[in-house]
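The values are calculated or read from the model by the stated rules, or taken from the named source; none is laboratory data. What you see is a predicted model; the values in this text were computed from it and never measured. Neighbour counts are summed over all protein chains in view; Cβ atoms, including those assigned to glycine, are modelled from backbone coordinates with ideal geometry. Note: accessible area is taken over every heavy atom of the protein model, side chains too, but ligands, DNA and RNA are not part of it. Shrake-Rupley method; radii C 1.70, N 1.55, O 1.52, S 1.80 Å.
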Amino acid sequence: MDSNLNQSNNSEGCTNYKNLNISENSLSTDFGVLLISHGSSLPYAEETFKDILEKYLSLTGHNTEVGYMKVAKPSISEAIDNLLDRNNNIKRIIAMPVFLAPGIHTNIDIPIILGLEPKETDPRCPDGNYPEDHYLMESKPINFNGEIDLIGCIGPDPQIISIINKKIESAISKSNSDINSDKTGVLLVSHGSRLNYNREFITDIYNQYKSQTDYSVSQGFMELCEPTIAQSINSMLESKDLDRIIVVPVFLAPGVHTKRDIPTILGILEDEDINNTHFSNDHSHSHVHSHDYSHDHSHDHAHGGLVEFDGEILYTEPLGSDDIIIKILKNRIESNI
Ligand SMILES: C[C@@]1(CC(=O)O)c2cc3[nH]c(cc4nc(cc5[nH]c(cc(n2)[C@H]1CCC(=O)O)[C@@](C)(CC(=O)O)[C@@H]5CCC(=O)O)C(CC(=O)O)=C4CCC(=O)O)c(CCC(=O)O)c3CC(=O)O
Ligand SMILES: [Co+2]
Ligand code: NI
């Protein structure tokens with residue numbers, strides 16, 4: 001068992017456990033933990049989830065792997081192979097979507113990829129005949145005969161508010177301007193979904209945050225739902241004269257949405273960000289100007305309009321691999337063992 005553990009596995013997408021704290025106990029237990037992430041074509045989300053995995057392992061010692069729904073590696077199926085390579089005796093896999101809100105991905109895509117029944121009809125494709133190139137058609141079958149318990153995603157845990165507060169404080173501390181809270185608004189931005197859970201999630205977070213802050217607060221959606229980011233900022237400005245808006249992407253990891261789509265809508269995307277290869281991880285902006293954009297991708301992020309605001313926009317980091325997220329995952333998984 002030991003030699004197994006210390007072996008560095010170079011096959012593609014396999015986590016190298018050499019430096020990770022996986023307890024020997026976990027090899028005698030009969031379950032594995034699969035943390036399911038969305039996957040991104042930008043590298044940041046993988047960095048965040050590598051960190052989440054390392055922290056989760058050192059906290060629990062469970063035989064754990066991260067699997068990505070699309071784009072990134074290991075895929076969900078490969079992650080399950082990795083769990084079994086490490087311990088062939090597991091009878092059960094506890095699979096948790098590390099997503100903030102239930103939605104199409106958690107209720108339809110992930111169950112289908114795991115070989116389970118989808119929890120509802122897919123509004124993208126009600127007849128269930130997905131186009132051949134859809135990622136659901138491309139995913140490989142799962143090689144596991146045991147039981148897979150797909151548990152709920154993170155949801156509006158009250159502890160998320162303290163992460164939001166930290167991100168806001170950190171963005172403020174990097175800003176040069178000194179503006180009182182009376183003139184500051186906070187916009188909580190959520191992804192948006194064809195299903196209603198995303199709205200329920202952000203509304204719950206909004207109500208919790210609002211009851212604990214002096215700032216004017218509002219919520220807005222990046223895509224698929226209203227109010228859009230622009231509508232939300234406009235109505236904040238109509239009801240109050242603000243000098244500064246702090247925009248919090250209530251997302252887990254930096255990715256296409258937080259690095260490109262939301263900055264585009266806000267008018268704070270720097271040109272090099274589009275073709276980025278490397279830019280600072282520490283990416284809290286303070287911008288007082290806006291750019292013109294040529295918007296050439298076919299997706300509908302900008303349909304809700306672009307933002308025009310001549311005050312300061314402070315854009316915070318997403319929630320990331322904060323220890324609170326790790327504790328939430330641990331509690332949730334342990335209550336399902
Ligand atoms: C179903 C769909 C909407 C629809 O069309 O109905 C949808 C829905 C949701 N995505 C969510 C999260 C993230 N989405 C991304 C990224 C991408 N998502 C895209 C598509 C779709 N996403 C539609 C499928 C269309 C189809 O089937 O073809 C991509 C491919 C295209 C694009 O959006 O342009 C783009 C490219 C990535 C790339 O290739 O790089 C990332 C990673 C990142 O940002 O990089 C995160 C994690 C953010 C984080 O870390 O929090 C959540 C919130 C989940 C939660 O609460 O956590 C929902 C809501 C829900 O599940 O309903
Ligand atoms: Co998505
Ligand atoms: Ni999108």
Conditions: (1) part of a helix (DSSP H, G or I); (2) open to solvent by 10 Å² or more (accessible area, probe 1.4 Å); (3) within 12 Å of ligand 1 (Cβ to nearest atom). Ala253 meets all but one. Number of the miss? (1)
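Here is a check on your reading of the model: is Ala95 within 16 Å of ligand 3 (Cβ to nearest atom) and touching a residue at least 12 places away in the same chain (Cβ under 8 Å)?
For Ala95, the condition - within 16 Å of ligand 3 (Cβ to nearest atom) and touching a residue at least 12 places away in the same chain (Cβ under 8 Å) - is not met.
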Restricting to the range 180-198, name every residue that is in contact (Cβ under 8 Å) with a residue 12 or more places away in the chain, more than 16 Å from ligand 2 (Cβ to nearest atom) and either surrounded by 15 or more Cβ atoms within 10 Å (Cβ to Cβ) or assigned to a loop (DSSP other than H, G, I, E, B) (or both). Lys183, Thr184, Gly185, Val186, Leu187, Leu188
Select from the range 199-216 the residues that are of a type outside the set (A, V, I, L, M, F, W, C) and assigned to a helix (DSSP H, G or I) and list them in ascending order. Arg199, Glu200, Thr203, Asp204, Tyr206, Asn207, Gln208, Tyr209, Lys210
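Taking Ile229, is it buried (at least 20 other Cβ atoms within 10 Å of the Cβ), at pLDDT 95 or above and more than 16 Å from ligand 1 (Cβ to nearest atom)? Spell out the reasoning first.
Details: buried (at least 20 other Cβ atoms within 10 Å of the Cβ): yes; at pLDDT 95 or above: yes; more than 16 Å from ligand 1 (Cβ to nearest atom): no.
In short, no.
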In this structure, does Glu308 turn out to be open to solvent by 20 Å² or more (accessible area, probe 1.4 Å), away from ligand 1 (no atom under 11 Å from the Cβ) and at pLDDT 95 or above? no
Checking Phe201 against (1) more than 15 Å from ligand 2 (Cβ to nearest atom); (2) within 23 Å of Ser321 (Cα to Cα); (3) crowded, with 22+ Cβ neighbours inside 10 Å, the condition it does not meet: (1)
Evaluation of Glu46 against (1) open to solvent by 10 Å² or more (accessible area, probe 1.4 Å); (2) part of a helix (DSSP H, G or I); (3) away from ligand 2 (no atom under 16 Å from the Cβ) (one fails), failing number: (3)
Please specify each residue of the range 131-155 satisfying the condition of being β-branched (Val, Ile, Thr) and open to solvent by 40 Å² or more (accessible area, probe 1.4 Å). none
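Run down Glu272, Glu334, Glu238 and say which single residue is at pLDDT 95 or above and surrounded by fewer than 19 Cβ atoms within 10 Å (Cβ to Cβ). Break it down stepwise before answering.
Values: Glu272 fails: at pLDDT 95 or above; Glu238 fails: at pLDDT 95 or above.
When all the criteria are applied, what remains is Glu334.
Does Ile246 satisfy the condition of being assigned to a strand (DSSP E or B) and within 24 Å of Ala45 (Cα to Cα)? Give the derivation first.
Working: assigned to a strand (DSSP E or B): yes; within 24 Å of Ala45 (Cα to Cα): yes.
The answer is yes for Ile246.
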So how many residues does the range 66-89 have that are among the hydrophobic types (A, V, I, L, M, F, W, C) and within 16 Å of ligand 1 (Cβ to nearest atom)? 5
Considering the range 90-130 alone, what residues qualify as being of a type in the set (D, E, K, R), within 8 Å of ligand 1 (Cβ to nearest atom) and surrounded by 17 or more Cβ atoms within 10 Å (Cβ to Cβ)? Asp109
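Can you pull out the residues in the range 243-266 that are of a type outside the set (Val, Ile, Thr) and in contact with a Phe, Trp or Tyr (Cβ under 8 Å, 6 or more places away or on another chain)?
Of all residues in the range 243-266, those of a type outside the set (Val, Ile, Thr) come to 243-244, 249, 251-255, 257, 259-261, 263, 266.
Scanning the range 243-266 gives Pro249, Leu252, Ala253, Pro254, Gly255, His257, Lys259, Pro263, Leu266.
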